[in-house]
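The values are calculated or read from the model by the stated rules, or taken from the named source; none is laboratory data. Just so you know, these numbers come straight off a predicted model, no measurement behind them. For neighbour counting, all protein chains shown are included, and Cβ atoms are generated from backbone atoms with ideal geometry for every residue, glycine included. Protein only, heavy atoms only, side chains kept; ligands, DNA and RNA dropped before computing areas. Shrake-Rupley method; radii C 1.70, N 1.55, O 1.52, S 1.80 Å.
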Amino acid sequence: MEKLEFSDPAVFRQLIGEHEQHLKILADAARVTLKTRGTTLMVDGEDCQVQVVVALLHDLAGLLASGYPLYATDVTFAYRIKAADSSTSLREIFLDQAYISQKGSRRRPITPKTVGQKEYIDAIRRHDIVFGIGPAGTGKTYLAMAMAIAALTAKEVDRIILTRPAVEAGERLGFLPGDLLEKVNPYLRPLYDALHDMVDFTRARQLLDKGVIEVAPLAFMRGRTLNDSFVILDEAQNSSAEQMKMFLTRLGFGSRAVITGDVTQIDLPGGTSSGLVAARRILAGVEGIDFRYFTARDVVRHPLVQKIIAAYDREDARQRQAAAVAGEANAG
């Protein structure tokens, strides 16, 4: 059993959470017993898990002392990080603010919640073109959007361009009401959602009306040169190889691009190769371009999403192994 003494009652109250909610999260995740007496916290269980929880609690207390507002979800993410590597500093991750809302806003600063997310935003700071590849729920587009708005606010770029392919438009497009923009708007909705989650509706509307922020289907990028812009291509796995080349060659002076996608969720019609898969092969090793890969460990949605992704990964691996065995049998 380990005992932790806390000298600041306010920090202690925030650490354990309302009705000791944070301790319950940790107890369930680490399978330890946590008890309080005054401002003393006792941790009991298997030694390796106790050490992880003790290191975690020290880090969280340090974050709280720095003024970090600790939420229950932070405790969950923090445990995942420490369980993977107890030497990882939570301060370096949680205090790295990708975007801070305007003064007076109730929105929390947007910070990474996993080691992979931290490496991703660091890559965006260092490189003009970054590919974020991984499963849904890992914050690829959300963090890219936060970095774009931060760059616009700091006047590092003059505009933000958000784009994604409208894969299913094709034959179905004519059956939808409205002009072309209205027809493809449903495909762009996730980009608007991310934008409105960071910028209040009135300001977002003003920026969109002035063209400072532009949301458009990938096909609209053809023939353009994008200078002094922060460009985000979302759902890039659904771009063709030709579209990907077209997009990447639009980048002008003073611009940077983030390309996000999940190569396990390709919705292109049969026979069409994914531009994201091709770019990963063709551009690997090109100076100035960085590839960041996310895993189920980086998922920041409902805990079941992480388990679902892991289950599908196991099934994919099983099918590949079965196909390899069948191939060997046929060859024999």
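Go through the residues of the stretch 193-201 one by one and say whether even a single one is at pLDDT 85 or above, open to solvent by 40 Å² or more (accessible area, probe 1.4 Å) and among the hydrophobic types (A, V, I, L, M, F, W, C).
Yes, the stretch 193-201 contains a residue that is at pLDDT 85 or above, open to solvent by 40 Å² or more (accessible area, probe 1.4 Å) and among the hydrophobic types (A, V, I, L, M, F, W, C).
Residue-by-condition table, conditions (1) polar (S, T, N, Q); (2) within 25 Å of PRO190 (Cα to Cα); (3) in contact (Cβ under 8 Å) with a residue 40 or more places away in the chain:
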residue: GLU242; (1), (2), (3): no, yes, no
residue: MET246; (1), (2), (3): no, yes, no
residue: VAL263; (1), (2), (3): no, yes, yes
residue: ASP290; (1), (2), (3): no, yes, yes
residue: TYR293; (1), (2), (3): no, yes, yes
residue: GLN319; (1), (2), (3): yes, no, no
residue: VAL325; (1), (2), (3): no, no, no
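Given LYS140, LYS82, LYS118, LYS113, which one is charged (D, E, K, R) and more than 17 Å from the chain's Cα centre (by Cα)? First the steps, then the outcome.
Numbers: LYS140 fails: more than 17 Å from the chain's Cα centre (by Cα); LYS118 fails: more than 17 Å from the chain's Cα centre (by Cα); LYS113 fails: more than 17 Å from the chain's Cα centre (by Cα).
It is LYS82.
Check the stretch 90-101 and report whether any residue there is over 30 Å from LEU152 (Cα atoms) and crowded, with 20+ Cβ neighbours inside 10 Å. Please lay out each step first, then the result.
Residues of the stretch 90-101 that are over 30 Å from LEU152 (Cα atoms), as a first pass: none.
Looking for residues that are over 30 Å from LEU152 (Cα atoms) and crowded, with 20+ Cβ neighbours inside 10 Å, one finds none in the stretch 90-101, hence no.
Using the structure shown, decide if ASP59 is of a type in the set (D, E, K, R), surrounded by fewer than 12 Cβ atoms within 10 Å (Cβ to Cβ) and within 25 Å of the chain's Cα centre (by Cα).
Working: of a type in the set (D, E, K, R): yes; surrounded by fewer than 12 Cβ atoms within 10 Å (Cβ to Cβ): no; within 25 Å of the chain's Cα centre (by Cα): yes.
No; evaluated as a whole, the condition is false for this residue.
If you go through the stretch 116-158 one residue at a time, how many are under 16 Å from ARG297 (Cα atoms), open to solvent by 30 Å² or more (accessible area, probe 1.4 Å) and touching a residue at least 60 places away in the same chain (Cβ under 8 Å)?
2
Checking GLN51 against (1) closer than 28 Å to GLN97 by Cβ; (2) polar (S, T, N, Q); (3) open to solvent by 50 Å² or more (accessible area, probe 1.4 Å), only one condition comes out false. Which one?
Only one criterion is unmet by GLN51, namely (1).
Six or more apart or on different chains, Cβ under 8 Å: which pairs go from a residue in the stretch 18-36 that's more than 15 Å from VAL54 (Cβ to Cβ) and polar (S, T, N, Q) to one that's assigned to a helix (DSSP H, G or I) and modelled with pLDDT under 95? Could you list them?
These pairs meet every condition: GLN21/ALA72.
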